[in-house]
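Computed from the coordinates by the stated procedures, all read-outs in this text should not be read as laboratory data. Quick caveat: nothing in here was measured; it's all calculated off a predicted structure. Glycine also receives a Cβ, built like all others from the backbone with ideal geometry; neighbour counts cover every protein chain displayed.
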Amino acid sequence: MNPFEEQGLLDKYSFIIVGSGLAGLSLCLELLASKMDLTGRILLVDKSFSNYPDRTWCFWDSGNFTYKDLITKEWRNVRLCLSDKLLDIDLGRYRYKMMDSQDFRHYAFSEIEASGRVDMVEAIVTDISQLEGGGAVVMAGQLKYIGQKVFDSRFNKEELNNHSGNKLWQQFRGWYIETEAAVFDQNKATLMDFRTNQEDAVAFYYVLPVSPKKALIEFTLFTLELKPREFYENALNRFLNEKVGGKFTIISEEDGIIPMTDLVFSQKYRDILPIGTAGGWTKPSTGYTFSFVRREVENIVNDLEQNIHPLEKPKYFSSRFWYYDRILLRLISEYPKKGAHIFFSLFQDNPVSRVFKFLDNRTSLWEEFLIFVKLPVILFVKMAVKEVFKKRK
């Protein structure tokens, strides 16, 4: 008898991926495209494969993006706004790109189905446990599955709530609108418009025009306390009335909450690896996730192809960039009014290529020095000292 049947286990898989969000699907596609000789199949399990909220994913790229055909719109020119200052930037070799999450999901599921190597199970995962001899068991619904490696994207909010370190929530709400008049410059995206109250939280608007009459407008807060939906809708209406003007129709809506934290999410067992936000793939000081997901899934598959156990946490956590993020996260938590000026000056006083490299954790020490000397040094040093002497759980 199959020993797994004796334990009530349904099947043995090379890999089990829990969650079919950006991280789970990206990892699944990367595994399918790898050169590994898989002895078993891949299992993708989620409570629902169809009931996922639509999201707009945006990122900068210099031309190496894998899924070029899924790009909805891209911009070479971007704008930042602060008080009476307007900063227009030519991105040079970079482009700021937009992709609809549903387009990516449709593509991913079509590739998964065509591969014939992935089983999909719709069920709520109630438990994942390490096996003594290696591998892990996933309890989904009333059934059990075993995998040599399990990649778990479930986010443990309780772990974050108990964290004594730095944490904020990036909360946003967006409207995709169509106006009666042609009011948008479709060749220019607004990354951050800080012309709103900054007293209690870093706050900004985000304008992504796809045509002269259509654009995605989002309002974002880096906040300690979550705000109700009405707060964001009032802010969006106010911005549209003051900065856009004219009549408009809401075509679709989206919202979300992203943790910004220096918590190193725990990995308790060798063969159960957290991924996505649960794996620390969200940059603490900005909430950027998309590009880091791409990088980390490539790192995982590269390790597996070389028969190396995937790293328990991203290399980022052992790097100086994590310390930089901790400092900035503490600063914008304690002095939110400073945040808008810091982000604005970051782009104003540096070449955009250096800024993007820094936000991607790819700059050299010399490039970082050139960035830091143009920021409020005394304030950053004060925050850095606090971080050095801070007791951490």
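If R0 equals 45 Å, the separation of the Cβ atoms of T126 and S211 corresponds to a calculated FRET efficiency of about 0.45.
At 18 angstrom or more along the helix axis (alpha-carbon based) and mean Kyte-Doolittle of -1.0 or higher, what helices does the chain contain? Whole DSSP H runs only. Show your work: numbers first, answer last.
Values: long enough: 101-115 (21 Å, -0.78); 290-305 (23 Å, -0.27); 320-334 (21 Å, -0.11); 336-348 (19 Å, 0.09).
Helices meeting the criterion: 101-115, 290-305, 320-334, 336-348.
Where in the range 220-288 are there GluC sites (Glu not before Pro) that are in a DSSP coil and have at most 14 other Cβ atoms within 10 angstrom of their Cβ?
Details: sites: E225, E230, E233, E242, E253, E254; in loops: E225.
Counting only loop positions with at most 14 other Cβ atoms within 10 Å, the GluC sites (Glu not before Pro) in the range 220-288 are E225.
Its alpha carbons considered, the range 167-260 gives a radius of gyration followed by a Dmax of 13.1, 42 Å. For the peptides 72-78, 147-153, 59-65, residues were scored by their other Cβ atoms within 10 Å and the scores averaged per peptide; the highest-first order is 147-153, 72-78, 59-65.
Every Cα-Cα pair in the chain was counted, and those over 35 Å apart are 30% of them.
DSSP beta bridges confined to the chain are antiparallel in about 70 percent of cases.
Select from the range 201-278 those chymotrypsin sites (Phe, Trp or Tyr not before Pro) which occupy a DSSP coil region and have at most 15 other Cβ atoms within 10 Å, ordered by residue number.
Y269
What 222 nm value per residue comes from the helices of the chain, counting each DSSP H run with n ≥ 4 as -39,500 (n - 2.57) and dividing by all residues, nearest 500 deg cm²/dmol? After summing the helix terms and dividing by residue count, I get -9000 deg cm²/dmol. Length gained on full extension, R117 to D54, computed as 0.36 nm times the residue gap minus the Cα-Cα distance: 20.0 nm.
In terms of overall dimensions, the C-alpha atoms belonging to the range 123-205 reach 63, 35, 22 Å along their principal axes, ordered largest to smallest.
In loop segments of the range 162-222 as defined by DSSP, the GluC sites (Glu not before Pro) with at most 10 further C-beta atoms inside 10 Å of their C-beta are E180, E199.
How much length is gained if the chain between K47 and D360 is pulled fully straight, taking 0.36 nm per residue apart and subtracting their Cα-Cα distance, in nm to one decimal?
109.5 nm
Just check the range 319-388 against the gyration tensor rule for me: Cα atoms, a ≥ b ≥ c as the square roots of the eigenvalues, rounded for a/c under 1.5, and otherwise prolate or oblate depending on whether a/b exceeds b/c. The shape class here is oblate.
Charge dipole (Cα centre; +1 on Lys/Arg Cβ, -1 on Asp/Glu Cβ; no other charges) of the chain amounts to roughly 1380 debye.
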